[in-house]
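The values are calculated or read from the model by the stated rules, or taken from the named source; none is laboratory data. All values derive from a computational prediction rather than experimental measurement. Cβ placement follows ideal geometry from the backbone for every residue including glycine, while neighbour counts extend to all protein chains displayed. Keep in mind that these areas ignore ligands, DNA and RNA; they rest on the heavy atoms of the full protein, side chains included. Shrake-Rupley method; radii C 1.70, N 1.55, O 1.52, S 1.80 Å.
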Amino acid sequence: MKADQKNSQTSDSQINDTQSRDLTRRDFTTLLVGASLAASVQTASAAGIEIIETDVSIKTPDGTCDAAFIHPKTDFYPGVLIWPDAFGLRPALRTIGRRIASEGYSVLVPNPFYRVSKAPFTDASNFNFQNPDDMAKIRPLMASVNAPGNAEKDATAYVAFLDAQKEVNKTKKVGTQGYCMGGALVLRTAAALPDRVGAGASFHGGGLVTDKPDSPHLLASKIKARMYFGIASNDDERQPDAKDKIRAAFEAAKIRTEIEVYPAQHGWCIPDMPIRDGYPIYNKPEAERAWAKLVALYRAALA
């Protein structure tokens, strides 16, 4: 789905987990405390691993991408590429990057919109999908990375950057995860680099199945990575056959794939998503369930 379709039909009946209603804007701020845009050293207390976060610049065929490179302080680990949603590189995505790094990975979170501007957002919580002015801000950003061939060129440059870092174990496959817009970019990455990417995960991915000949799900035959698709319930209601087409394509390609529909809204994994109809899009219990699936996928496929 395109960004101007996101959450356009959300209603109270689509918010299936009442626990998601307990999160307020104050909670958003609490979740993002310490997620500085500056390069910093963070401690992942849960895993007891000290994490290094550095702002980096990556040369691509089309320019220079600003990105965050996040990794454990010592040793070297499998690489992970995170494709952000339509709001790009920002504190919320850096927090996700630090968290997966604390599981034992060297992580790159790029600004996918570098062709247009430096990372354009610091917080998505005040965005209004029904406001034409707000939508006008993200359409050209999304178009810049979704133009034919751009995601593939970028993915190649990003993985090459990871492989050039001493903190990346190049004997292990690379993982890639994406959110909303980033879900389709995961598929394009896995198809462009089939011998390097060992795992791909799409969470509330948009535009995975279209009626065009370049629909991302049709790339299944080019992919070798083990895949996971977490689909939002309201996305499934609007496009109920998408999961079936994804399943059929990956079964035909003989790719090990898991597909689940979550009782949550589009965007449920990202802490700074806007509040809608009085309730937050972010759904902590379902986000944690999705996180457990992601960690299990990487442990199995990137070992």
Per residue of the stretch 122-133, in order, report the coupling 6.51 cos²θ - 1.76 cosθ + 1.60 (Karplus, θ = phi - 60°) as ³J(HN,Hα) in whole Hz, putting x for Gly and Pro.
10, 7, 9, 5, 9, 6, 10, 5, 8, 8, x, 5
Which cross-chain or sequence-distant (5 or more) residues have an amide H under 5 Å from the amide H of THR60, H modelled 1.01 Å from N in plane?
CYS65
Would you please give the residues with an amide H less than 5 Å from that of TRP83, counting only those at least 5 places away or on a separate chain, with H modeled from the backbone geometry?
GLN177, GLY178, TYR179
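Can you sort LEU193, LEU218, LEU108 by solvent-accessible area, 1.4 Å probe, largest first? Don't skip to the answer; put the middle values down first.
Details: LEU193 30, LEU218 90, LEU108 0 Å².
The ordering from most to least exposed comes out as LEU218, LEU193, LEU108.
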May I ask you to evaluate 6.51 cos²θ - 1.76 cosθ + 1.60, the Karplus curve with θ = phi - 60°, for each residue of the stretch 255-266 and list the ³J(HN,Hα) values in order in whole Hz, giving x for glycine and proline?
9, 5, 9, 10, 10, 9, 9, 9, x, 7, 7, 3
What's the ranking of 144-153, 272-281 by average number of surrounding C-beta atoms within 10 Å, highest first?
272-281, 144-153
Which residues' amide hydrogens lie under 5 Å from the amide hydrogen of ARG276, considering only partners 5 or more residues apart or on another chain, with H built in the peptide plane?
ILE281
Can you list the HN-Hα couplings for the stretch 237-243, worked out from phi with the Karplus curve (6.51, -1.76, 1.60; θ = phi - 60°), rounded to whole Hz and with x for Gly and Pro?
5, 6, 9, x, 8, 4, 5
Any idea of SER57's accessible area? Nearest 10 Å², probe 1.4 Å.
80 Å²
Step through the table entries LYS118/LYS254; LYS173/LYS243; LYS73/LYS254; LYS153/LYS243; LYS118/LYS245; LYS118/LYS293, compare each Cα-Cα distance with 29 Å, and write down the pairs that go over it.
LYS118/LYS254; LYS73/LYS254; LYS118/LYS245; LYS118/LYS293
